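Worksheet for the structure shown next.
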Amino acid sequence: MSRTRRSWPPADAEAPLAVPVTDNHTHLPVPGRSETDPESLESLSAAQLVQRAKAVGVTALITSACETTTWEPSLALARTLPAVRVALAVHPNEAVLHAGVREVGPDGLTPRVEPHHDEPLPEALNRLEALVRSNRDLVVAVGESGLDFFRTGERGARAQRDAFRAHIALAKELGLPLQIHDRDAHEACVEVLLADGAPERTVFHCFSGGTALAAVCAEQGWYASVAGPVTYPSNRELRRALASLPPQLLLVETDAPYLPPKPWRGRPNASYLMPATVRFLAGMLGQAEEHLCARLQSNTEQVYGSW
């Protein structure tokens, strides 16, 4: 793949949306740690990405800081960028490493251990709680937390469950929404949520389940947040599941810099590309763009409030 292909899509890649919407889950770059494509021809700052998003009608963003090294820098971004709010958590795959587990999962990859993983999981979770409590003006969600059985074995799965339960308890205690990372673990996530009691506002980030999970979400009042993969031709089951959901439980996100919508697949994702996903959803659901945008924004404000 050429370097041109891997570069950021142009700022005017998507036309502005009919009604402003919020990207309820992205990962903005922070100083000293960039999650963008290393082969990209240019580096875009968080401020530039937010500016591009605003120009196409994505006027608010929630950046998920789910590694301990990204917590403080992400809060600093939110202090300087009025459009940005933060979700804080220990990602399930990070929880495994903080728990001292070193095992190869079904993906066959050896975990990448970094110096910050020397902090034991209980200490990281205690520090997380303190940061959330002291930054309630900026932190609008706990997340992303959950289960990821694609990246770990049985020992790691136990550590993930422990961390997931701690995040559920924190979200409930503080009355915050919970953003769930769920990979190859639909039934297990539901089992933990039902056993512990889900937060009032529970969101399956980058929803990847089928009609069975959609039915549980509908029954429990849990939200499904839709990202770029809904536009991929092979994801017919995902589209059927989303079409079966009550419209008041639908949210939209990018999970940038990952999972761009189909027109930009293979290039870094960003909030300014989210209109492609929204327009695809409108066509899939047989709704006018303006109507769907208004519904998505109303749902988002029900979960996270407005700023």
* Structure fact -> Only one of T59, T69, T63, T80 is in contact with a helix residue (DSSP H, G or I) (Cβ under 6 Å, 6 or more places away or on another chain) and surrounded by fewer than 21 Cβ atoms within 10 Å (Cβ to Cβ), namely T69
* To do: Would you check if S7 is more than 30 Å from A288 (Cβ to Cβ) and open to solvent by 10 Å² or more (accessible area, probe 1.4 Å)?
  => yes
* Asked: Only one of (1) open to solvent by 50 Å² or more (accessible area, probe 1.4 Å); (2) basic (K, R); (3) touching a residue at least 12 places away in the same chain (Cβ under 8 Å) fails for R267. Which number is that?
  -> (1)
* Structure fact -> Note on L273: of the conditions (1) open to solvent by 10 Å² or more (accessible area, probe 1.4 Å); (2) in contact (Cβ under 8 Å) with a residue 40 or more places away in the chain, unmet is (1)
* Specify the residue that is farthest from R265 (Cα to Cα); the eligible residues are those in segment 232-241 that are of a type outside the set (K, R) and open to solvent by 10 Å² or more (accessible area, probe 1.4 Å). => E237
* Long-range neighbours under 6 Å by Cβ, at least six apart or interchain, first residue more than 20 Å from F204 (Cβ to Cβ) within segment 134-162, second of a type in the set (G, A, S) and modelled with pLDDT under 95 -> G153/G105
* **Criterion: open to solvent by less than 60 Å² (accessible area, probe 1.4 Å), hydrophobic (A, V, I, L, M, F, W, C) and out of contact with any Pro (no Cβ under 9 Å at 6 or more places or on another chain) - qualifying residue of A224, A195, A212** => A224
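The values are calculated or read from the model by the stated rules, or taken from the named source; none is laboratory data. Everything quoted here is computed from the prediction, not taken from an experiment. Because the Cβ atoms are built from the backbone with ideal geometry, glycine has one as well, and the counts that use them run over all protein chains shown. Ligands, DNA and RNA are stripped out before the accessible areas are found, and what is left, the full protein with its side chains, is counted by its heavy atoms. Shrake-Rupley method; radii C 1.70, N 1.55, O 1.52, S 1.80 Å.
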